[in-house]
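Contents: one structure, followed by commentary.
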Amino acid sequence: MEGAEWCGAGEVAGRLYRISWYPGWVRGSGRVRGDVFRVGPELLAELDAFEGPEYQRVRVDVLLTESGGTLPVWAYEWTGPVEEAGRIVSGDWLAESMGPPFQEAITNFGS
């Protein structure tokens, strides 16, 4: 994201679902993986507009993968209906949507 500073990979509590060509995160049991970015107020307003009314911006604690520390962040929670058949059990949208070759590349990255 232009104008954003990448802070690292992280995990939040919840479940991830395939809504359409995009994911939806809901709070709950399980873990969801993603990237953490620092953004300013203007970019945050743009993200609010992009996500639209189907998502609600909420405060959650993220576990930073590399350091093991926690950080309070804003996240967008899906407010629409979900189907359990669309659940992404791994909690990793990119790995799930890109398939096994992508998952293998992530696993072997840097080794």
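Here are some notes:
- Considering only 30, 95, 68, the residue lying farthest towards the positive end of the dipole of the chain is 30, judged by Cα position with unit charges set on Cβ.
- Local electrostatic count, residue 8, Cβ distance below 12 Å [Lys/Arg +1, Asp/Glu -1]: -2
- Residue-averaged [θ]222 nm for the chain, counting only DSSP H segments that reach four residues, each worth -39500 (n - 2.57): -6500 deg cm²/dmol
- The chain - Rg over Rh from alpha carbon coordinates, Kirkwood radius: 0.96
- Taking amide hydrogens as placed 1.01 Å from N in the peptide plane, the amide H of residue 65 sits under 5 Å from those of 9, 10, 11, each at least 5 positions away in sequence or on another chain.
- Prolate/oblate/rounded label for the range 1-65 (Cα gyration tensor, a/c 1.5): oblate
- Gain in span if fully extended, residue 87 to residue 57, counting 0.36 nm per residue against the direct Cα distance: 8.7 nm
All of the numbers you see were taken from the coordinates with simple rules; none came from a lab. All figures in this text were calculated on a predicted structure; none of them were measured in a lab. Here Cβ is always computed from backbone atoms with ideal geometry, including for glycine, and neighbour counts include all displayed protein chains.
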